[in-house]
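No lab work stands behind these numbers, since they all come straight from the coordinates. If you're wondering where the values come from, they're calculated on a predicted model, not measured in any experiment. Backbone-built Cβ (ideal geometry, glycine too); neighbour counts: all protein chains shown.
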Amino acid sequence: MTLFAAIRPDEWNLPLFLHVLAAMVLVGTLVLVAVSLAGASQGGSVGAVRLGFRGLLLAALPSWIVMRVTAEWLASEENLDEDPPGWVDAGYMISETTLLLLIAATVCAGVAARRAGRVEAGGGGTGRAGAGGGGLGRAVVVLVGIALVAYVVAIWLMATKPS
Amino acid sequence: MYDWLLFLHLLAAFLIAVTAVTYSAVALGAATGRPAIRVADACWNVGGIGTLVLGIWLAIYVEGYEVWDGWILGAIVLWLVATGTGERARTELAAGRGAAAVHWVRTLAVLGLLVLMVWKPGA
């Protein structure tokens, strides 16, 4: 079993590399976004709120697309697309659910960044909560946190491939 | 046993990705703030040790792999490069100096590690 695990056809390598790379960038970006926005909601940093929005829009969502496209590519190479096993189905379900979470988080972060920008332009008159993203910032942290937990489950599924 | 070793090895690699992404954001001029850098450094500490220890454990455990295989020795060398440059990036950033160049070297080493782990040349 362990020897079998070490053997993989060469044709699978490129999609696997791109799939893992995209997943790593996605998870790395989500942790950065969560930590930045959690810090922003306490310290009122406009830059951190903007970083959260840009991270989701310019890194997390494109990474999700690459991760998902290469997942389909891999499934096709491995002939798993006709009758996918449970762990592949579960992976698809996690990726689709988390896409909704990421879209919602991006919209919330965008609105939070816009409000924070207005607060900054107005001299911080509405207080620190506004500059740091306020409730929307906290909502992004929760949404991203749920997505991260789901991705840990997905990593477990992809590593162990339970039948 | 193999499944759990691989899962934890992968999880450790994802922690390294957190560091690479955070320092890339800094290198690109983003205002990440101290908490994000602290988390990134902690992820490097755990992920770095985790990938090395669990990777060597896997190499010993899996039939067909040996620790002295070329691709595994190459991975250990790249891991040392990534750790050395990462430490320098950390100290330069803490000293308020630009750490971009040394960070990109580390990121290339991490990318090289991923290439070796997927293609396993010579295995």
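Listed values, structure above:
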| item | result |
| --- | --- |
| Leading residue by the ranking (nearest to B:A27 (Cα to Cα)) among those in the stretch A:33-79 that are surrounded by fewer than 16 Cβ atoms within 10 Å (Cβ to Cβ) and away from every other protein chain (no Cβ under 14 Å) | A:I65 |
| Matching residues in the stretch B:95-111 - criterion: being within 9 Å of the chain's Cα centre (by Cα) and without any contact (Cβ under 8 Å) to a residue 12 or more places away in the chain | B:L111 |
| Single residue of the stretch B:6-38 satisfying the filter (facing chain A (nearest Cβ under 9 Å), more than 17 Å from the chain's Cα centre (by Cα) and part of a helix (DSSP H, G or I)) that is farthest from A:P162 (Cα to Cα) | B:R34 |
| Restricting the stretch B:56-71 to residues that are in contact (Cβ under 8 Å) with a residue 24 or more places away in the chain and in a helix (DSSP H, G or I), the residue that is nearest to the other protein chains (Cβ to nearest Cβ) | B:Y61 |
